[in-house]
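> Here's a structure for you.
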Amino acid sequence: MARTHVIQAQTALASAGFYNGKIDGDFGGGSLRAVESMIDNTGRAVNVLTKADGCTKDKPRLGRADIIAAAKGLGVEAATLKTVIDVEARSSGFDSEGRPTILFERHKMWKYLGEANYFTKRDQLNALFPDICNQSPGDYNARPQYEKLAIAESLHWEAAHKSASFGLGQIMGFNAESLGYPSLKAFVDAMYESEAKQLDAMCRYIKINNLVDELQRHDWAGFAKGYNGSNYAINQYDVKLAAAYKLAKKQGW
């Protein structure tokens, strides 16, 4: 899959007048410099490198019935899952273009390019786009998230999509197979489909990390620690979850 995407990227770069090398599926220094030139001259990497195939602005949004069904499948009351959604999930699973909301993690791109033995190309990507490939996390707002993903996926599709979090629950792509998806692509396709599918991924993540018991007991601190990490108290996630649960019950959930 990675080679196919490199050929697509090289073809798009050549059509836009930024690349005059071989269309060979080898994303080397020439291809990277073509991307850099495109960014410098147009600032529209996401438009040149990607197509919005099957992407519409009107995507199925999360409804009450979706939450009730997901809560039943998870084994918790609807009010509990509504609580998690209100505190942990993004306000919307899609952006204004109908794409899943994402956050690209540059240190994950560094990791997964290394696992793919792309060491030389990883160094080249780091030199040209340190906000997209770097040993350290950070630099999240250097450029639009989908521009980062477009540049990263043109080099290595799987490493790029493993390095982004998707949808309502911001589930990282590297979790795909552990969550029961047959492939990374199947996970990404589901994230494009609906917010209900995104909620399903979030529920799978809760299950695989053994956090259902905490939700059933309303152990908000235990859940917050498992979902957000040991520094959960800094942002008072447990306090926010407790307050959101009271509100959900008051609202009839």
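> Check which residues have an amide H placed less than 5 Å from M172's amide H, if you skip close sequence neighbours.
Hits under the 5 Å cutoff: F166.
> For the pair D123/I7, report the inter-label distance in nm, with labels modelled 7 Å from Cα in the Cβ direction.
Each label point is offset 7 Å from its Cα along the Cβ direction, giving 2.9 nm.
> Considering only DSSP states other than H, G, I, E and B, which trypsin sites (Lys or Arg not before Pro) in the range 151-231 qualify as loop sites with at most 10 other Cβ atoms within 10 Å? Each step should come with its number before you reach the end.
Working: sites: K162, K185, K197, R204, K207, R217, K225; in loops: none.
Sparse-neighbourhood loop trypsin sites (Lys or Arg not before Pro): none present.
> On alpha-carbon atoms, Rg over Rh for the range 161-223 using Kirkwood Rh? Provide the component values of the computation, followed by the final result.
Details: Rg = 12.1 Å, Rh = 12.0 Å.
Here Rg/Rh amounts to 1.01.
> Suppose we look only past 16 Å in the calculated P(r) of the range 104-172. What percent of the Cα-Cα pairs does that tail hold? Write out the running numbers ahead of the final one.
On the way: 848 of 2346 pairs.
That fraction is 36 percent.
> What is the spin-label model distance, in nm, from D95 to R217 if the labels are put 7 Å beyond Cα along the C-beta direction?
4.0 nm
> Taking a cut-off of 27 Å between Cα atoms, list the lysines near K59, but don't count ones fewer than 8 places away on the same chain.
Answer for K59, where 27 Å is the Cα cut-off: K51, K72, K82, K148, K162, K185, K197, K207, listed by chain and number.
> What trypsin sites (Lys or Arg not before Pro) does the range 55-148 have in DSSP loop regions with at most 13 other beta carbons within 10 Å? Intermediate results must be reported in sequence, preceding the final value.
On the way: sites: K57, R61, R64, K72, K82, R90, R106, K108, K111, K121, R122, K148; in loops: K57, R61, R90.
Counting only loop positions with at most 13 other Cβ atoms within 10 Å, the trypsin sites (Lys or Arg not before Pro) in the range 55-148 are K57, R61.
> Next question, about the same structure. Given the DSSP H assignment, sum -39500 (n - 2.57) over each helix run of at least 4 residues in the chain and divide by its residue total; what's the result at 222 nm in deg cm²/dmol, nearest 500?
Per the formula, -17000 deg cm²/dmol.
> If you don't mind, another one. Quick one: putting +1 on the C-beta of Lys and Arg, -1 on the C-beta of Asp and Glu, what dipole do you get for the range 103-178 around its Cα centre, in Debye to the nearest 20? Walk me through the intermediate numbers first.
Numbers: 8 positive and 9 negative charges, 17 e Å.
Dipole of the range 103-178, to the nearest 20 debye: 80 debye.
> Let me ask you something else. What do you get for GluC sites (Glu not before Pro) in the range 146-227 restricted to DSSP loop and a cutoff of at most 14 other Cβ within 10 Å of the site's Cβ?
E177
> If you don't mind, another one. Over the range 1-119, how many percent of alpha carbon pairs lie in each 5 Å bin up to the one with the longest distance?
Cα pair-distance distribution for the range 1-119, in percent: 2, 9, 13, 14, 15, 14, 10, 8, 7, 6, 2, 0.
> Turning to a different aspect of this structure: Hey, what did the range 31-143 get for relative contact order, percent, Cα under 8 Å, at least 6 apart? It would help to have the intermediate numbers written out before the result.
On the way: 81 pairs, mean separation 25.9, N = 113.
Once normalised by length, the contact order is 23 percent.
> Ratio of Rg to Rh for the range 127-253, alpha carbon only, Kirkwood? Before the final figure, lay out each step's value.
Details: Rg = 17.0 Å, Rh = 16.5 Å.
Looking at the range 127-253, the ratio lands at 1.03.
> Over the chain, what portion of Cα pair distances is larger than 35 Å, expressed as a whole percent?
Considering the chain, 22 percent of its Cα-Cα pairs are separated by more than 35 Å.
> Shifting gears a bit: Can you give the FRET efficiency for A233 and N20, using 1/(1 + (r/R0)^6), R0 = 51 Å, r = Cβ-Cβ distance, to the nearest 0.05? Let's see the in-between values first.
Numbers: r = 55 Å, r/R0 = 1.09.
That pair, A233 with N20, gives E of 0.40.
> Using only the alpha carbons of the range 194-253, what is the convex hull's orientation-averaged projected area in square nanometres?
Numbers: hull surface 18.3 nm².
Mean orientational projected area (the range 194-253, Cα hull): 4.6 nm².
> How large is the dipole of the range 44-133 about the Cα centre if only Lys and Arg carry +1 and Asp and Glu carry -1, each at its Cβ, rounded to the nearest 20 debye? Show your work: numbers first, answer last.
Details: 15 positive and 12 negative charges, 33 e Å.
Taking the Cα centre of the range 44-133 as origin, the dipole is about 160 debye.
> Rank T80, T11, T120 by mean-square fluctuation in a GNM of the chain with C-alpha springs under 10 angstrom and give only the top-ranked residue.
Between T80, T11, T120, it is T120 that shows the largest mean-square fluctuation.
> If you don't mind, another one. For labels at D58 and S183 in the simple 7 Å Cα→Cβ model, what's the distance in nm?
3.1 nm
> Calculate, in nm to one decimal, what L103 and N210 gain on full extension: separation in residues at 0.36 nm each, minus their alpha carbon distance.
Values: separation 107, 0.36 × 107 = 38.52 nm, distance 2.44 nm.
Separation in residues times 0.36 nm, less the Cα-Cα distance, equals 36.1 nm.
Computed from the coordinates by the stated procedures, all read-outs in this text should not be read as laboratory data. Because the structure is predicted, anything quoted here is derived from the model rather than measured. Methodologically, a virtual Cβ is constructed for each residue, glycine included, from the backbone with ideal geometry; neighbour enumeration extends over all protein chains shown.
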